[in-house]
1. If we sort 17-30, 167-180, 65-78, 150-163 on the protection proxy, mean other Cβ atoms within 10 Å, highest first, what's the order?
2. Based on the alpha carbon coordinates of segment 84-203, what radius of gyration and maximum Cα-Cα distance (Dmax) apply, in Å?
3. Below 8 Å, C-alpha to C-alpha, sequence gap of six or more: please give me the relative contact order for segment 5-102 in percent.
4. How compact and how long is the chain, expressed as Rg and Dmax of its alpha-carbon atoms in Å?
5. Hey, can you find the accessible area per residue of the chain for me, probe 1.4 Å, expressed in square angstrom?
6. Before anything else, pin down the relative contact order of the chain: Cα pairs under 8 Å, at least 6 apart, normalised by residue count, whole percent.
7. First obtain the Kirkwood hydrodynamic radius of segment 46-97 from its Cα pairs, then insert it into the Stokes-Einstein equation at 20 °C and 1.002 mPa s, and state the resulting D in µm² per second as a whole number.
Amino acid sequence: MTCLTAGLHAAGGLLALVFAGEVGRSFLRRRAPSSLCWFVALVLFAASALADAVASLAGWSPWLYRLWYVAAAWLVAAFGAGTAYLVFRRAWAHAILAVLAVIGMAMLVAAARTPVDLAALSDGGPVGGEGWADPGVRAYSPLLTVPGALLLLGGAAASWWRARHPYALWLLAGTLVLSSGGALTRFGVPAVLPVANLIGVWMLYRGHRLAREAHRAHRDEPAAGGPARGLA
């Protein structure tokens, strides 16, 4: 079971790296802030998933736990900030990114300074914030994950409302699956996390590819309707 859990985490991390490569190339072509934020989010997703895979096999260390916890919170905020650039005016998106970045840096400093209680992480399985000797670090996580998830969900819903294109439903479903995995882990059902992460990131990847196809179709047929706003 341990090897299966590690394999699922590793598969999710590797898929996120493939996804990040495509989004990174998109950023180099278009220089869109949304693509840069999503690239960062996917690299953080991969780091978090691969840290989970290592912990499943070898157990947690203080710095591995710090990497996992900070990356898991930051990635949701980065997804949300990237989505903000797709649905809001750039000035508003800049402001959202700035606020999330300040909170994220404060969390990083707190995490680096706070001791990790390895006894609370002795089973090496999926965990939450119980590894912190001082619970103050945990206060930063919802300040990043809640607005990040709401922005991602709201952006996908807004895209569906505007374009009625299937890519928005894939993005929405992927976000819900990822969020449910984290929520169930916090409620004491950690076994679903690696499966939810793998399925969720695959759904986001599928939505991204459909959005790219819609963007290309709009470019080829400019009279067909409004733009498909994705990460093409």
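1. Numbers: 17-30: 16.9, 167-180: 21.6, 65-78: 24.2, 150-163: 19.1.
Final packing ranking: 65-78, 167-180, 150-163, 17-30.
2. Rg and Dmax of segment 84-203, Cα atoms, are 16.7, 51 Å.
3. 30
4. That works out to 17.7, 62 Å for Rg and Dmax.
5. Using a 1.4 Å probe on heavy atoms only, each residue of the chain averages 48 Å².
6. 20
7. Roughly 173 µm²/s, to the nearest whole number.
The values are calculated or read from the model by the stated rules, or taken from the named source; none is laboratory data. The structure presented is a predicted model; accordingly, all values stated were derived computationally and were not measured. Because the Cβ atoms are built from the backbone with ideal geometry, glycine has one as well, and the counts that use them run over all protein chains shown. Accessible surface areas use protein heavy atoms only, side chains included; no ligands, DNA or RNA. Shrake-Rupley method; radii C 1.70, N 1.55, O 1.52, S 1.80 Å.
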